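Remarks on the structure that follows.
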Amino acid sequence: MLRYLVHRILVMIPTLFVISALVFIIIQLPEGDYLTSRITELQAQGEKISHEKIAFLRQQYGLDKPPLQQYAHWVIGMLHGDLGYSFEYNLPVNEVVGDRLFLSFVLSFSTIVFTWAVSFPIGIYSATHQYSWGDHGLTFIGFLGLATPNFLLALVLLYFANVAFGTSIGGLMDPQYLDQPMSWAKFGSVLAHLWIPVIVIGTSGTAGMIRRLRANLLDELEKQYVVTAHAKGLPPGRALLKYPLRMALNPFIADIGSLLPQVISGAAIVSIVLSLPTTGPMLVHALQSQDTFLAGSFLMFLAFLTVVGMFVSDIALAMLDPRIRLAGGIRR
Amino acid sequence: MEQGARLPHYVSDAPFDPYSIETLTPEQERFFLASQWRMMWWRFKRHRLAVGAGLLLLGFYLAIVVSEFLAPYNLHSRHNRYIYAPPQQIHLYRNGKLQRPFVYGYRLHLNLDTMKREYTENTRKIFPVRFLCAGEGYRLWGLFKGNLHLVCPSRRGTLFLLGTDRLGRDVLSRIIYGARISLTVGLVGIGVSFLVGLILGGLAGYYSGWVDSLVQRLIEILRSFPELPLWMALSAALPVDWSPIGVFFGITLILGLLDWTGLARAVRSKLLALREEDFTTAAILMGARPSRVIARHLIPNFMSHIIASATLSIPSMILGETALSFLGLGLRPPITSWGVLLTEAQNMNAVALYPWLMLPVVPVIIVVLAFNFLGDGLRDAADPYKA
């Protein structure tokens, strides 16, 4: 187990490095940089900017250095926990993002828990009642959730919640807690606001999970040991839960890996619609205004979240299933 | 009995066919002689839902060829007097008598308290719906002049079956035109990802070794990236001065370039298995070049699987385009896709006051569902030899 753990961590490090390089390249792709667009904007407003000032700003932001050096500076900074400098806000990225990173994490985590909590019982029901009306109906609802664009669902839910409860449920907490330090009251307010985004983002992943659990469980239920268990008079509940379900659980754990990118993607767009103080809205804005380090740090954080999530799911899988850790580095 | 005497035994002299046990009924013969594709077709036909979904999609794709004919209005025609008009209902009965379909005209009233345009039906104005009629002139595919429409409003009236938007443009017509872009985004995108996935997956599976591990690492890295933020970053990188058509191809390229990983994986694992088969070894021993072995012997063997999994990944592209356009990072007007149309319904006001602006989501849902069902059926049919 320890060997496997070390191996997985060693694989993770170069992956993160390549991702950071990719992120940096993508962020640098648009022509010009933050300063050039800022300067054209200022000139369009009729303001004059002296060459010295431009040169000074360029040097200040480190934009005069070759890209490789900028990259090195950024990565080394990140290793120290310094995410760089946001041009637009004129503040270190660390201060701009505040608890956004943390709230993004909370949102993704709760969404995954929700997806599991919903798809687990439905998957079991669908498998044990194959081809019943319940099975068809639930599968169809799952598909519908998959096919509806998240942002629209968010809008509609937002509207109906507004009509039904009379309060605005946009955002992730009541306004009075916005710049407050974390407290129990704030935590409760976050919880009260969290359910809409969680449901909205969760719907798109639930269908896949249900179908996978259903297919796996059906495969297991056909096997002979299940027949034997029934023949020997094991109560149906035990004959389902004790062995077949455990076997069918493996892919469920392994799926965090593929679920996480999906959840994070969903969270990004839903956050924009619901104006949640997570990474999504700020990321879009930073991308549009070429705020290199802010956008880069957000992308990096999202990718980091995914990679770590996959790592956790691999470790959990290895603990569940000895075959996987004995096979060494081979994944899936 | 005497020694050497023959034992009496009986032989039936009725005609006997020693191969009788091996002869096949005509059905069996048909089954055993059928080609792989024919068997897939038989199997696919059993999957009712998938067949239905396939027919529906076929209809959709045929419809985008003649959008100009199907839409009652042109894509950009504005009706200044009908801004945010709600859908007009089609009536069949008037004074209890059956008539040809007609709509009532609208009476506009500007509510000065709420500053909202309120439309009420004016039951004295009757506009019969015309079929196969001359309406607004258009250029089919931008080439041929025409003015034939499937339905048009009566000469002096209007026909907004799904309402109008903030510029008084007919939502139904815009949805029909939008299908053109939305449906082709998926196809072009999947074409790109198909090509990349086939080449990279093929290389990885055929050569294995360091090529394989390189491609594998690449796939792992791309997969550990949340799609949408990456799409957003890439489409934000598209130059602002590109023409709308350029942006369209840029977006499809972005969607396709990030989607090939699943296909490449499928190709690779299939190739790894097929490489060990005898017929591959035979081909290699007979001196076939790798390109011939891959194209002639290996690809036909797993093509069906690849097509099935490609079908299943079209929906994510359509949804991706919709999401990107909705955020304003994807396609831009005058290019009209369902996502672009949905940007109109971006705030709560639209949901509360003009809910018909959300209607473009209906075809999105239908198409995504249909592709999912079709893909499911194709996947089941892809391996017809399995029981």
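Just so you know, all these numbers are worked out from the coordinates, no wet-lab data involved. Please read these numbers as outputs of a predicted model, since none were measured by experiment. So basically every Cβ, Gly included, is an ideal-geometry build from the backbone, and we count neighbours across all protein chains shown.
So the values come out like this:
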{"quantity": "Distance between the stretch B:114-134 and the stretch A:205-240 - C-alpha centres, whole angstrom", "calculated": "58 Å"}
{"quantity": "Choice from B:Pro72, B:Pro128, B:Pro15 showing the highest fluctuation, given a GNM over chain B with Cα pairs closer than 10 Å", "calculated": "B:Pro15"}
{"quantity": "Normalised alpha carbon radius of gyration of chain A [divisor 2.2 N^0.38 Å]", "calculated": "1.22"}
{"quantity": "Top positive-direction residue, dipole computed over chain A with Cβ charges, set A:Val226, A:Ile13, A:Leu101", "calculated": "A:Val226"}
{"quantity": "Helical contribution to [θ] at 222 nm, DSSP H n ≥ 4, -39,500 (n - 2.57), averaged over chain A, rounded to 500", "calculated": "-25000 deg cm²/dmol"}
{"quantity": "Three-way shape label, the stretch B:301-373, alpha-carbon gyration tensor, a/c 1.5", "calculated": "prolate"}
{"quantity": "Nearest-ten-degree value, helix A:34-44 long axis tilted from longest Cα axis of chain A", "calculated": "50 degrees"}
{"quantity": "Isotropic mean projected area of the C-alpha convex hull, the protein assembly as shown (nm²)", "calculated": "53.4 nm²"}
{"quantity": "Sequence of B:Phe131, A:Phe114 once ranked by neighbouring C-beta atoms within 10 Å, starting from the fewest", "calculated": "B:Phe131, A:Phe114"}
{"quantity": "Test item: B:340-351 mean partner chain Cβ contacts at 10 Å", "calculated": "3"}
{"quantity": "Cα pair distances in the stretch B:125-279, grouped into 10 Å bins until the bin that holds the longest one, percent each", "calculated": "9, 24, 22, 17, 14, 9, 3, 0"}
{"quantity": "Gyration tensor (alpha-carbon) shape descriptor, the stretch B:88-156, a/c threshold 1.5", "calculated": "oblate"}
{"quantity": "Within 10 Å of each Cβ in A:141-152, the average number of Cβ atoms from other chains", "calculated": "6"}
{"quantity": "Hits among aspartates and glutamates - C-alpha to C-alpha of A:Lys65 under 13 Å, sequence gap 8 or more where chains match", "calculated": "A:Asp33"}
{"quantity": "Rh (Kirkwood; distinct C-alpha pairs) - chain B, Å", "calculated": "25.5 Å"}
{"quantity": "B:Trp242, A:Trp133 arranged by Cβ crowding within 10 Å, fewest neighbours leading", "calculated": "A:Trp133, B:Trp242"}
{"quantity": "Highest-fluctuation residue, B:Ala179, B:Ala85, B:Ala288 considered, GNM on chain B with Cα pairs under 10 Å", "calculated": "B:Ala288"}
{"quantity": "Under 20 Å from B:Lys270, Cα to Cα: lysines that are on another chain or at least 8 residues apart", "calculated": "B:Lys386"}
{"quantity": "Percentage of interatomic Cα-Cα distances in the stretch A:55-120 larger than 19 Å", "calculated": "52 percent"}
{"quantity": "Cα long-axis angle, helix A:51-61 against chain A (0 to 90 degrees, to the nearest 10)", "calculated": "30 degrees"}
{"quantity": "Among B:Phe326, B:His79, B:Leu378 - extreme Cα towards positive end, dipole of the protein assembly as shown, charges at beta-carbon", "calculated": "B:His79"}
{"quantity": "Peptide-level mean, for A:261-271, of C-beta atoms on other protein chains within 10 Å", "calculated": "5"}
{"quantity": "Proximal charge balance of B:Tyr138 [Cβ under 10 Å; K/R count +1, D/E count -1]", "calculated": "0"}
{"quantity": "Sequence of A:Leu259, A:Leu79, A:Leu138 once ranked by neighbouring C-beta atoms within 10 Å, starting from the fewest", "calculated": "A:Leu79, A:Leu138, A:Leu259"}
{"quantity": "Mean residue ellipticity (222 nm) of chain B, computed from DSSP H runs ≥ 4 via -39,500 (n - 2.57), nearest 500", "calculated": "-16500 deg cm²/dmol"}
{"quantity": "Top positive-direction residue, dipole computed over the stretch B:1-122 with Cβ charges, set B:Ser20, B:Gln36, B:His9", "calculated": "B:Gln36"}
{"quantity": "Euclidean distance of C-alpha centroids, the stretch B:217-266 and the stretch B:1-79, integer Å", "calculated": "40 Å"}
{"quantity": "Anisotropy class of the stretch A:264-321 from Cα gyration tensor, a/c 1.5 cut", "calculated": "oblate"}
{"quantity": "C-alpha long axis of helix B:227-236 to longest principal axis of chain B, angle in °", "calculated": "50 degrees"}
{"quantity": "For peptides A:304-311, B:290-297, A:17-24, sequence by mean Cβ density within 10 Å, most packed first", "calculated": "A:304-311, A:17-24, B:290-297"}
{"quantity": "Gaussian network model of chain B, springs between alpha carbon atoms under 10 Å - residue of B:Asn347, B:Asn372, B:Asn147 with greatest fluctuation", "calculated": "B:Asn347"}
{"quantity": "Per-peptide average of other Cβ atoms within 10 Å, ordering B:324-335, A:246-257 highest first", "calculated": "B:324-335, A:246-257"}
